[in-house]
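Have a look at the structure below, then the notes.
Since every read-out is calculated from the coordinates, none of them should be taken as a lab result. Because the structure is a prediction, the values reported are computed rather than measured. Cβ placement follows ideal geometry from the backbone for every residue including glycine, while neighbour counts extend to all protein chains displayed.
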Amino acid sequence: MTKNPYQTTPAIIQEIIEESPLIRTLRVKLETPIPFKTGQFIELTIPNVGEGPFTPSSSHYTTDWMEITIMKTGFVTEYVHKTKVGDRIGIRGPYGTCYPIDKWKGKDVLIMGGGVGMAPTRSLFLTLLHDLDNYRSVTFLMGAKTPNDMIYKYLIDDWKKIDKVHIVRSVDRVPEGETWSENVCLITKLLDKINLDPRGVPVVVCGPPVMMKFGTFDLLKHGFSEENIYLSMEKKMYCGIGQCRHCVFGEYYACKDGPVFTYDKVKNEENIWE
Amino acid sequence: MIVNVSHLYSFLKRIQSERLGGFDVVILPERTENGNLFYTRMDGEKNIEIDSYRAVDPLKSLFYFPREQILPDKNKLVKRLVLGVKNCDLTALDILDKAMINSDFVDPVYQSWRENTTIVSADCTEISDSCHCNLVDGKPFADKGYDVNLSNIGSDYVIKTGSSKGEEFVELLRKYIPISDDHADDREKVRELRKKTMRRLEAQNSDFVRSGDYFLLKNADIQKWKDESKSCVGCGGCTNICPTCYCLILNDETLSKDFVKVRSYDSCQTNGYARVAGGASPRPKMYERFRNRYLCKLTIMKENFGRLGCTGCGRCIDVCPGKIDFREVISRIMKSPKTQECNHD
């Protein structure tokens, strides 16, 4: 008999890292490992509550455990934020397409992660670090609303020490009582601060819809090309396998044709930024 | 092959009561007191109508339940014989087959219902006011997709088989009731009756725009959609009763060690349908969701499955509390000058 497409693998929460007031990272140990390629997503189940699509934030070379960074923003994620170490959750997948990192060998790679969009892009970043010799350089632009919303702070110092890796961070604003010594601007403005020849450079953009939209427009202005801009389409990927149709836009299913699309593929579809 | 109508009907009763051929249940359309046809478990010969036109409930409801546990999946061990299926529903089933049983995944529950059901289609001998298969590449009779097809020619049915399951069923018939060979004049009668029904459909729908240029709907003036959707209340009746709509909600009902998933119908007409966590929605306005349904049926499904997602059954017209007629909406929008202008782009 063929495998039930909704078969869910049990996973135990080993560690919880509170990244920001609204974002936490779960490190989970799966009963049987789920190998994935960076860019692919999984469906995470909170038993008797529901499930939602998330992209792992750990490298695809990490197989002993999986890390998933999740923002409290809706029904299921509210329960994600109530979980405790030792809780049993479910994971099925992986689904969708992956970043074509093999095509990027020898190139400069630019990553833009805004807000919780830093989570899936961290998976890519860590995967690229694993084979850093393959790339000319890796630039990771990280943006958050305020310093308190900036995630993965505890990893930055180590990342900055790595040769060929550039980390540039910004926050939109610094509220009273918070401190920040780096850039205060929209993440899209960081493009002015980096020194990259845009020709042939793959750019990965993940973040809230408004950042994806204006980020893409700014990238085009800076000379990056449509077919090199990789966008994570935020659609309601309910089933993950192309059955439920919630994520259909135009002729595409975000879940199986994506969730990562190059801009040239989707630019003519309606409402891609919503 | 030919079988006598009354022989067949009384035999169907025996199939169910004596479990002949291993069938546990015989399901066919029955005319209720208020005049509607509903698929129902056979209970005597009274009020059953294999011919006529399509039942109120879509065939999908026998294969893809409004609410069904999908994990863990259990094999459906009930063997069913479904009769009186119309071509609009068979065509719709072809779309569901492609959506549920494909190279990406198999919906095990749907597949199990499909495998354990023998489908006997029948030519339409009547049409309802909302029937419009002729507008959307359809016909009021089937020439594929069935296990067995019955064409009523008065006191007899002309039988055709379309699968090994169908041949098994005819073998079963042969064991108990007389089956004779059909002749040229029987086949001629079938052709004539089919033509007659088709002519009635053509006459009924002569004012409406037929498929061919439906792809132009994508370009139509948004204001037209706003106008057309004014009486839409977004109840989702049209999508629930549509034989090709299969959008689902997945619920997790895990209470113990094993994960339990239940799927139920969803409707793109509701506001929450495509809304993502955090509140963003690609179609927050009613007219956008209204338009989405037409485009899904008439352009997107065509790209996904190679055929229109509307099979012309007209159920969405009958069910609509806002009295919205699918055919009229398409025709008005297709005929609007702006839609046609795009043709020349």
Lone qualifier among A:GLU182, A:GLU227 - being more than 12 Å from chain B (Cβ to nearest Cβ), over 25 Å from A:THR38 (Cβ atoms), touching a strand residue (DSSP E or B) at 6+ places or on another chain (Cβ under 6 Å) and surrounded by fewer than 22 Cβ atoms within 10 Å (Cβ to Cβ): A:GLU182
Quick one: in segment B:199-237, of everything that is in a helix (DSSP H, G or I) and touching a Phe, Trp or Tyr at 6+ places or on another chain (Cβ under 8 Å), which residue is farthest from B:ILE127 (Cα to Cα)? B:ILE222
Considering residues of segment B:69-88 that are within 14 Å of another protein chain (Cβ to nearest Cβ) and assigned to a loop (DSSP other than H, G, I, E, B) only, the residue surrounded by the most Cβ atoms within 10 Å (Cβ to Cβ): B:ASP73
Go over the candidates B:THR270, B:THR254, B:THR311 one by one and state the one that is β-branched (Val, Ile, Thr), more than 8 Å from chain A (Cβ to nearest Cβ) and closer than 30 Å to A:ASN48 by Cα. B:THR270
Those residues of segment A:1-40 which are more than 13 Å from chain B (Cβ to nearest Cβ), farther than 19 Å from A:TYR154 by Cβ, touching a helix residue (DSSP H, G or I) at 6+ places or on another chain (Cβ under 8 Å) and not hydroxyl-bearing (Ser, Thr, Tyr) amount to A:GLY39
Taking segment B:89-106 and keeping residues more than 13 Å from every other protein chain (Cβ to nearest Cβ) and crowded, with 21+ Cβ neighbours inside 10 Å leaves B:ASP89, B:LEU90, B:THR91, B:ALA92, B:LEU93
From A:ASP192, A:ASP172, A:ASP197, A:ASP163, which residue is at negative phi and within 21 Å of the chain's Cα centre (by Cα)? A:ASP172
Does segment A:246-269 contain any residue that is in contact with a strand residue (DSSP E or B) (Cβ under 6 Å, 6 or more places away or on another chain), within 14 Å of chain B (Cβ to nearest Cβ), farther than 30 Å from A:LYS105 by Cβ and without any contact (Cβ under 8 Å) to a residue 12 or more places away in the chain? no
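Yes/no matrix, rows are residues, columns are (1) of a type in the set (Gly, Ala, Ser); (2) more than 16 Å from B:TRP113 (Cα to Cα); (3) in contact (Cβ under 8 Å) with a residue 40 or more places away in the chain; (4) touching a His at 6+ places or on another chain (Cβ under 9 Å):
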residue: B:PHE23; (1), (2), (3), (4): no, no, yes, no
residue: B:ILE27; (1), (2), (3), (4): no, no, yes, no
residue: B:PHE38; (1), (2), (3), (4): no, yes, no, no
residue: B:ALA55; (1), (2), (3), (4): yes, yes, no, no
residue: B:SER61; (1), (2), (3), (4): yes, no, no, no
residue: B:GLU68; (1), (2), (3), (4): no, no, yes, no
residue: B:LEU71; (1), (2), (3), (4): no, no, yes, no
residue: B:LYS74; (1), (2), (3), (4): no, no, no, no
residue: B:ASN87; (1), (2), (3), (4): no, yes, yes, no
Taking the stated definitions as given, is B:ASP181 more than 18 Å from B:ARG14 (Cβ to Cβ), in contact (Cβ under 8 Å) with a residue 12 or more places away in the chain, buried (at least 19 other Cβ atoms within 10 Å of the Cβ) and not aliphatic (A, V, I, L, M)? no
